[in-house]
Amino acid sequence: MSITIKSKIYRRGGMLISIAILIAFGFARIPLESKTEEHLKKYGFRDWAPDISAREQLTQASFIGAIGGFRSLIASVYDLRAHEAFRNKDWASVERFRKITTSLQPRFAKHWDLAAWDMAWNAYAYYRSRSEFCEDDLERWQIERIIMPNYLEKGLGFAKEGAAWTPESYLLPMVVGDIYSQKYKNTKLAAQWYFKSSQAEDAPTYIYRAYATQLARCEGMEKKAYEVVSDLYNNGKIRTLTIRRDMERLENYFIDDLMRNNSLDKLQRMLEENPSDYLISAAIGQFHLKSDSNLGSAVEAYRGILKNPKSPQFYRRQFGFLIARNPDNQENAYQVLKKMYIKAPVIFREKDVIELSNIENHLNIPSNERVTKIDRYTKE
Amino acid sequence: MTEANEKSFEDNLNSGFKIFSPSRVMAIAMNTFTQLVRMKVFYFLLIFSVLIIGANVLFLNFTFEQELKILQDVSFGAMTLFASIFSIVGTALLIPKDIEDRTLYTILTKPVPRFEYLIGKLLGILFLVAVSLVLMSILFFAVLYIRQYGILAEETNQIRGQPTAEQLSSLKETIFSQGLRLELLNGVIAIFLKASVAAAIALVVSTFASSTLFTIIVSLVIYFIGHAQSMALTYYFPEGDMHGALQRFIAGIVAIMFPNLQMYNVVDGIVSGQSVPFALMARLTGLTGFYLVIYSFVSWILFAKKEL
């Protein structure tokens, strides 16, 4: 009897010692764990809190899975559900599921990107197409004035929040830039966001070009735009058509500006002071063309531009058209322009093609020998 | 036999005996590993293969980021699940099975201290979990490696005309940054560390449990509470607002008594593209070691006093 009691006490003593050890261990490890939690927070591993709002968003099983170490997997499951809802054009569900995926894994940039894409592009396009076929005026008004702007706002909201969560990535600021440029047509804000995106370490080079393009369209920011665009034109790895066009447009702006604000004498004095500034030569040329219709002087001014090694290629095309204005030189000018057009037709703007086509008409070039081949541009 | 002879006989017996012998522990560990392998546990690899190949094949019409993420999520999810099940169920089965097979009596009648037996069993389980994780990782990395090159080929084909070197390198960088990378190894290690703690918990429970089922259920409950422990810790050390005294007391008990398994959930971040610094991995490893030592010690206290 006494042996049994002793044995029970002995065993319970072991249990009590064990509990005491576990409690002591608990007190010892809590500061260590708190420190580790701080480290995890610092390195961004505590971006999701299993709180009441998370519980309300998720089903019970998903919530348990999320706190049980399967958060990323649960986010993927909701991603698939969002995709399914997208296929069914159930935009409310798409929004709900996208909110869940982004809140479960806010540092995964693609979740935000897809959420913004679904709202600002897919849902927006769906309702735009619905409004086109809508016969009820009130419904169309609602779609165009309330629903479509609402989805655009939601897409923008996702993209901006995602940009705040993933500051190291170029993706979300680029998406915000895309929304401002393509949907809101707000070039200033688009330029700001593209610039932000281009500063990220992983940013592809085309984003800086997109920034330049948007900046080139901002009214009142031509000087800054010219700095950026001319730098890309002269020093960039790829000289895209957009960069060429922007460069030409901006230079034309400054040439017009010089012409408007200065007399011919002043321009000539300025050229004497800065002989390498081909923009002044171009302004003098334009002055001669527009004010005193002195083609010879204009051609001389443009010759000066072509001698300048810094002048962009498109002045050769402009020079060709200038020469072609003189009927005596038209044939020769046409041959030069024809070569240019065959070599790189994309550098000819729409109005250049029309002008080239007019020269072909004027020279009675047979239709099978014409380079433009665009009848709609031809003018009798 | 005289008293002097008896003493010299005992001295002779004890002369070669060491209080702790790593070779004895390793012998038990290897025996445990063999015992578990004979239970045909590695058949799970078939299920794992089907899972990751399925994840690889089923989601082909998604963006490549989604595709790679789903593959990683499914693989890491399955690895976590299998590792946790192995560690809890495997440990829960060991002592009752040894008692049932009478192996335990054969071992303990030899000069094998009980803590060596327990440590050997725990190491055997951890070895099994490690081997299974290595096998799963090899499969997972192989599929991921093949898939990322498949995606690169598909994306290259979608570029109009001949892709430039800049385009190719940018595409490669984007795809590979979300494909097979060294950082994934940290995820596997974190899974192993969590499974180790789960095994140690199951070992403690199995030393006083009356049945295998009890051990499994109690260990699973602790495993689950362990994941919510960080919430209790937040309650215990509130930031800003104060909680009620009772709430804090309960939270304090939970925080003190249960392990914090949420610490090991770094896989979600790794899949998102975050990197785990070496200092953090070292800290997690150190804490796991701390857990293993204390839980093994508690298991020994309970097991030493257990009547067999």
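The values are calculated or read from the model by the stated rules, or taken from the named source; none is laboratory data. Note that the coordinates shown come from a computational prediction; the quantities given were computed from them, not determined experimentally. Positions of Cβ are backbone-derived with ideal geometry, glycine not excepted, and every protein chain shown enters the neighbour counts.
Some values worked out for this structure:
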read-out: Residues within region A:239-287 that are among the polar types (S, T, N, Q) and in contact (Cβ under 8 Å) with a residue 12 or more places away in the chain, tallied; value: 7
read-out: Breaking point among (1) modelled with pLDDT under 85; (2) closer than 30 Å to B:Asn157 by Cβ; (3) assigned to a helix (DSSP H, G or I), for B:Phe62; value: (3)
read-out: Output for region A:88-116, where each listed residue is hydrophobic (A, V, I, L, M, F, W, C) and either touching a Phe, Trp or Tyr at 6+ places or on another chain (Cβ under 9 Å) or buried (at least 24 other Cβ atoms within 10 Å of the Cβ) (or both); value: A:Trp91, A:Val94, A:Phe97, A:Ile100, A:Leu104, A:Phe108, A:Ala109, A:Trp112, A:Leu114, A:Ala115, A:Ala116
read-out: Region B:157-204, residues that are part of a helix (DSSP H, G or I) and exposed (fewer than 14 other Cβ atoms within 10 Å of the Cβ); value: B:Asn157, B:Gln158, B:Ala165, B:Glu166, B:Ser169, B:Glu173
read-out: Residue within region B:206-214 that is within 17 Å of the chain's Cα centre (by Cα) and either closer than 30 Å to B:Ile253 by Cβ or in contact (Cβ under 8 Å) with a residue 60 or more places away in the chain (or both) present; value: no
read-out: Options B:Ser87, B:Ser75; residue that is away from every other protein chain (no Cβ under 13 Å) and not aliphatic (A, V, I, L, M); value: B:Ser87
read-out: Any hit, region A:82-105, residues being touching a Ser or Thr at 6+ places or on another chain (Cβ under 9 Å) and without any contact (Cβ under 8 Å) to a residue 24 or more places away in the chain; value: yes
read-out: Top-ranked residue of region A:266-295 - restricted to ones that are among the small types (Gly, Ala, Ser) and at pLDDT 85 or above, ranked as surrounded by the most Cβ atoms within 10 Å (Cβ to Cβ); value: A:Gly285
read-out: Members of region B:251-266 that are more than 7 Å from chain A (Cβ to nearest Cβ) and closer than 30 Å to B:Pro113 by Cα; value: B:Phe258, B:Pro259
read-out: Inter-residue pairs, beta-carbon under 6 Å, first within 9 Å of another protein chain (Cβ to nearest Cβ) and under 11 Å from B:Ala190 (Cα atoms) and in region B:267-291, second assigned to a helix (DSSP H, G or I) and aliphatic (A, V, I, L, M), 6+ apart; value: B:Leu284/B:Leu193
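For (1) more than 11 Å from every other protein chain (Cβ to nearest Cβ); (2) among the polar types (S, T, N, Q); (3) under 18 Å from B:Lys69 (Cα atoms); (4) assigned to a helix (DSSP H, G or I), each residue gets a yes or a no:
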site: A:Ile30; (1), (2), (3), (4): no, no, no, yes
site: A:Glu37; (1), (2), (3), (4): no, no, no, yes
site: A:Phe70; (1), (2), (3), (4): no, no, yes, yes
site: A:Ala75; (1), (2), (3), (4): no, no, yes, yes
site: A:Glu84; (1), (2), (3), (4): yes, no, yes, yes
site: A:Ala92; (1), (2), (3), (4): yes, no, no, yes
site: A:Phe97; (1), (2), (3), (4): yes, no, yes, yes
site: A:Ser103; (1), (2), (3), (4): yes, yes, yes, yes
site: A:Asp113; (1), (2), (3), (4): no, no, yes, yes
